[in-house]
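Let me begin by presenting the structure, written as structure tokens, before commenting on it.
The values are calculated or read from the model by the stated rules, or taken from the named source; none is laboratory data. In this text, all values refer to a predicted model and were calculated from it rather than measured experimentally. Note that we place each Cβ from the backbone using ideal geometry, even for glycine, and neighbour counts take in every protein chain shown. Each accessible area value is taken on the protein alone, full model and side chains, heavy atoms only, with ligands, DNA and RNA left out. Shrake-Rupley method; radii C 1.70, N 1.55, O 1.52, S 1.80 Å.
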Amino acid sequence: MSATTSYQNPLHNSTYGEEPEYSLPGESTSLIVNVGAQRRSRRNKIIAIVSVLLLAAAVVAAVLITQKANNVPQSPEEIASAFASTVTGPRVMNHLSALYNISQKHENSRSARFGYNESVQYVMDTLDKDYYTVSRQEFMVTSFTETAKPSFTVRDSNDEKTFVPYVDIATMGYAGTASVTNLSFIAVANDGCSALDWLKASGAIVLVPRGNCSFYEKAVFGFAANAAGLVFGNDPNEAEKLLRASARGTENTDVVDLPMITTTGQMFAELSLLVEFDEGITADLSTAGEIHSAVSYNIIADTKQGEEDETVVVGAHLDSVDQGPGINDNGSGSASILEIAVQMQTAQTEPTNHVRFIWFGAEELGLLGSIYYVDQLKANNPQQLKQIKAMLNFDMLGSPNYIRAIYDGETAADPVVAYGSKLIQQTFQQRFDNQSLPWVLTEFNGRSDYGPFIENEIAAGGLFTGAEGPAGGKTIQERKLFGGIAQVAYDTCYHEFCDDLENIDQEILAQMADAAAFMTMNLAMYPNLTQWLYPAPTTTTTTFTTTTSTTTSTTTTTATTTTTTTTTTTTTTTTTATTTTTATTTTTTT
């Protein structure tokens, strides 16, 4: 192709940018030249005008750029979008690599029993003490150590089966040390979340499904019903996966002294069929373990700037389960908020509102760190608790068979919490919509570290990419929205030894970290945050009035009375007195 290309105008035989030569019969060529010169002159004037306009536009653009450079106020959304671009997937993965390396020094775990303290030190070493006030909040927890393999045998009149430890069955965390033999084996009615479900449990070993309430709550009902032992099954969609869980409450003494085991989804299904069709099943069950007290920590990092009466808490739990390194659950959330904190300190951000990052301990033992934090504020510093206006929680942001889920804040039971939480939810939605990323809503049931906050009327929100998933795994509709594999758990390594660096989908991790950074900075810079999340009730006073005029004229022959009524004033007038009455109605709206 040549250096210069001409466009041939289809209307006449001339090249674009050149004047055509028009001539009439008998006209001289000088006329042609004069016409061309006049047209070129007009063209040059137009070019000059356009050039002036372009120059003016350039000057305006330069002024706008200079204004931004000189800290002319931008909206919270603009600031948040620019900030979010600094919180990248590779940077979050660097923190995850460090957490994984810690787990490899501590039996492939970062739980309260193993590598948690070193995880705490890593976070504290990463934070800038000149930008943040960093503290470590200590609290006591109990940990459970299995001291013997579990055993479980089931028999009917014709056969007997002994289950294989750590393949078919495992000891439930915090199970009692006991052995029971040759007892009736039955299934609990329904889901075991009501005392009525346990009416036939006395003296029996009871098969219990997963879901709808905690393992601890089910165990308490079973103990109260005088059950002899409990066998907890995994979800049916987790056919080959051995359930790993603990049955304990929020206090260190909240344990149930019964032999308790867990099993796979497939074994649970087989046992359910067995007891359904044969009432003569018996079983033997034994477990053994010890409970130890240990120290755990919450890490708290407060910005040194920002309005403390409008504090934003950004949280994630730092601990893993005993069985694995916890890189998705919840290294992904912890690493994401750590990188957000790092980028704030790098930019020396001056937030409008106070920001408090918290890495909670012992979440896997029952939200113990977040419960302790809130309870301590309630008991010792209620004013600081009142200063917290929003809580953002990030738990599992890199699931390999992910969904892109936002907490459904509108479903909070408390209407005060629901109002602000819905606004947070909608802001997350808008962020994803602007990026053309599909999303779904997920349960807002308080079963992560935001739970103690919403119980105290604090608006909350957060993100989630999925754990074991619903019965049947990822739905067909979710597969259409997000890809992946239908009818498979969102994270097949949830609470397992394989929850390592290879278990992270780095693309979704980067997207969720971006959204977390955006929301953190948006709330940090939001003016009048309290007014936005908790609008004061408005009072409207309306005056209703009615006018009645009575005029009486009397003559010797007639008496005429005239009454006029309107809906604007209430005035009663006679020949001797005037009385005005005003009715006031107060309407309160929220």
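Here are some notes:
- Flag if Glu240 is exposed (fewer than 15 other Cβ atoms within 10 Å of the Cβ) and either within 28 Å of Arg356 (Cβ to Cβ) or of a type in the set (Phe, Trp, Tyr) (or both): no
- The condition of being touching a residue at least 60 places away in the same chain (Cβ under 8 Å) and not in a loop (DSSP other than H, G, I, E, B) holds for Asp284.
- Ser119 fulfils the conditions (1) among the polar types (S, T, N, Q); (2) surrounded by fewer than 20 Cβ atoms within 10 Å (Cβ to Cβ); (3) not in a loop (DSSP other than H, G, I, E, B) except for a single criterion, (2).
- With respect to the conditions (1) open to solvent by 30 Å² or more (accessible area, probe 1.4 Å); (2) under 26 Å from Ile291 (Cβ atoms), Ser157 falls short on a single one, namely (2).
- Test: residue in the range 453-465 that is more than 30 Å from Gln387 (Cβ to Cβ), of a type in the set (A, V, I, L, M), in contact (Cβ under 8 Å) with a residue 12 or more places away in the chain and touching a Lys or Arg at 6+ places or on another chain (Cβ under 8 Å): no
- Some residue of the range 124-139 being of a type in the set (A, V, I, L, M), open to solvent by 40 Å² or more (accessible area, probe 1.4 Å) and touching a residue at least 40 places away in the same chain (Cβ under 8 Å): no
Condition check ((1) assigned to a helix (DSSP H, G or I); (2) open to solvent by 30 Å² or more (accessible area, probe 1.4 Å); (3) touching a residue at least 24 places away in the same chain (Cβ under 8 Å)) across all residues:
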site: Ala227; (1), (2), (3): no, no, yes
site: Pro236; (1), (2), (3): no, yes, yes
site: Asn330; (1), (2), (3): yes, no, yes
site: Gly333; (1), (2), (3): yes, no, yes
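- Entry remark, the range 255-281: residues being surrounded by fewer than 15 Cβ atoms within 10 Å (Cβ to Cβ) and part of a loop (DSSP other than H, G, I, E, B) number 4 in total.
- Within the range 419-437, the set of residues being among the aliphatic types (A, V, I, L, M) and over 14 Å from the mean Cα position of the chain (by Cα) comprises Leu437 only.
- Of all residues in the range 341-356, those that are open to solvent by 20 Å² or more (accessible area, probe 1.4 Å) have Cβ atoms under 7 Å from Cβ atoms of residues that are of a type in the set (A, V, I, L, M), 6 or more apart or on another chain, in Gln343/Val87; Thr352/Ala524; Thr352/Met525.
- Test result for Glu78, over 22 Å from the mean Cα position of the chain (by Cα), closer than 23 Å to Gln343 by Cα, modelled with pLDDT of 95 or more and not basic (Lys, Arg): no
- Residues that are closer than 25 Å to Ala335 by Cα, at pLDDT 85 or above and surrounded by fewer than 20 Cβ atoms within 10 Å (Cβ to Cβ) are absent from the range 518-532.
- Subset of the range 159-197 [free of Cβ contacts under 8 Å to residues at least 40 places away in the same chain, hydrophobic (A, V, I, L, M, F, W, C) and touching a strand residue (DSSP E or B) at 6+ places or on another chain (Cβ under 6 Å)]: Val188
- Being under 30 Å from Thr162 (Cβ atoms) and within 30 Å of the chain's Cα centre (by Cα) holds for only one residue in Thr262, Thr352, and it is Thr262.
- Selection within the range 152-187 - within 38 Å of the chain's Cα centre (by Cα), within 22 Å of Asp254 (Cα to Cα), in a strand (DSSP E or B) and not hydroxyl-bearing (Ser, Thr, Tyr): Ala170, Gly173
- Yes/no for Glu457 being among the acidic types (Asp, Glu), over 11 Å from the mean Cα position of the chain (by Cα) and open to solvent by 70 Å² or more (accessible area, probe 1.4 Å): yes
- Those residues of the range 442-454 which are crowded, with 16+ Cβ neighbours inside 10 Å and either out of contact with any Phe, Trp or Tyr (no Cβ under 6 Å at 6 or more places or on another chain) or not polar (S, T, N, Q) (or both), in sequence order: Phe444, Gly446, Ser448, Asp449, Tyr450, Gly451, Pro452, Phe453, Ile454
- The combined condition, being open to solvent by 20 Å² or more (accessible area, probe 1.4 Å), touching a Leu at 6+ places or on another chain (Cβ under 7 Å) and of a type outside the set (Gly, Ala, Ser), is not fulfilled by Phe232.
- Number of the exception - Leu99 against (1) touching a residue at least 40 places away in the same chain (Cβ under 8 Å); (2) more than 27 Å from the chain's Cα centre (by Cα): (2)
- Within the set Gly222, Gly192, the sole residue that is assigned to a helix (DSSP H, G or I), modelled with pLDDT of 95 or more and within 37 Å of the chain's Cα centre (by Cα) turns out to be Gly222.
- If you go through the range 460-474 and keep only what is open to solvent by 40 Å² or more (accessible area, probe 1.4 Å) and modelled with pLDDT under 95, you end up with Pro470, Ala471.
- Selection over the range 300-328 of residues that are open to solvent by less than 10 Å² (accessible area, probe 1.4 Å) and not hydroxyl-bearing (Ser, Thr, Tyr) gives a count of 14.
- Residue check for Lys149: open to solvent by 40 Å² or more (accessible area, probe 1.4 Å), modelled with pLDDT of 95 or more and in a strand (DSSP E or B): yes
- Here Pro400 passes the criteria (1) in contact with a Phe, Trp or Tyr (Cβ under 6 Å, 6 or more places away or on another chain); (2) open to solvent by 10 Å² or more (accessible area, probe 1.4 Å) except the one numbered (1).
- Residues of the range 466-487 classified as on the phi < 0 side of the Ramachandran plot and either without any contact (Cβ under 8 Å) to a residue 40 or more places away in the chain or in contact with a helix residue (DSSP H, G or I) (Cβ under 6 Å, 6 or more places away or on another chain) (or both), total: 6
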